[in-house]
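The values are calculated or read from the model by the stated rules, or taken from the named source; none is laboratory data. Here the structure is a predicted model, which is why all the values come from computation and not from measurement. With ideal geometry, Cβ positions are generated from the backbone for all residues, glycine too; neighbour counts draw on all protein chains shown.
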């Protein structure tokens with residue numbers, strides 16, 4: 001998860017998530033050889049609790065380690081396994097794998113135009129097939145948010161699932177995320193794209 005969703009009254013606030021935490025940890029390790037939790041919290045602009053949970057998972061997964069405590073420096077850590085992409089790990093350190101929205105978005109960018117069944121066929125792997133309902137719902141949300149256009153209506157039974165979609169403009173490489181707030185977050189532009197409750201229910 002790259003960003004965290006929270007509410008302040010009627011407003012939806014997008015907070016930096018694991019992407020910024022991971023970048024901060026690597027930056028601080030390269031800069032001074034180590035980092036404290038407080039330094040990561042300040043640089044990544046995130047909560048201490050969230051940074052602590054993610055750091056614990058990274059240590060269990062072998063991406064980071066705690067250094068011996070030194071007088072006047074407190075507890076410090078360092079990244080020992082660097083990579084550009086943000087590690088997606090569970091609390092016990094096991095790998096979460098690629099998010100389904102990332103797989104679908106990458107496939108869309110390759111295909112240019114597609115129906116939900118076509119997207120499923122190209123995005124599925126033997127060990128992880130993509131459900132038609134999952135692909136169709138993602139397409140519906142992206143279309144409602146203005147990231148996709150309907151090129152042709154479906155012409156067969158279950159026509160809605162067989163609509164042909166196309167990407168609008170030149171899509172960025174980061175996959176948009178459907179949030180639990182009738183909205184789609186586009187990390188390529190930093191925009192929060194609202195989806196009407198009617199459109200969200202239709203998906």
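Here residue 153 fulfils each of the conditions (1) surrounded by fewer than 19 Cβ atoms within 10 Å (Cβ to Cβ); (2) at pLDDT 90 or above; (3) over 21 Å from the mean Cα position of the chain (by Cα); (4) over 30 Å from residue 55 (Cβ atoms) apart from (2).
Answer yes or no as to whether residue 59 is out of contact with any helix residue (DSSP H, G or I) (no Cβ under 7 Å at 6 or more places or on another chain), part of a loop (DSSP other than H, G, I, E, B), outside the structural domain of residue 175 (by TED's automatic domain parsing) and free of Cβ contacts under 8 Å to residues at least 40 places away in the same chain. Break it down stepwise before answering.
Values: out of contact with any helix residue (DSSP H, G or I) (no Cβ under 7 Å at 6 or more places or on another chain): yes; part of a loop (DSSP other than H, G, I, E, B): no; outside the structural domain of residue 175 (by TED's automatic domain parsing): yes; free of Cβ contacts under 8 Å to residues at least 40 places away in the same chain: yes.
No; evaluated as a whole, the condition is false for this residue.
Quick one: is residue 121 farther than 30 Å from residue 54 by Cβ, out of contact with any strand residue (DSSP E or B) (no Cβ under 8 Å at 6 or more places or on another chain), modelled with pLDDT of 95 or more and surrounded by fewer than 18 Cβ atoms within 10 Å (Cβ to Cβ)? Here the answer is yes, as residue 121 does meet what is asked.
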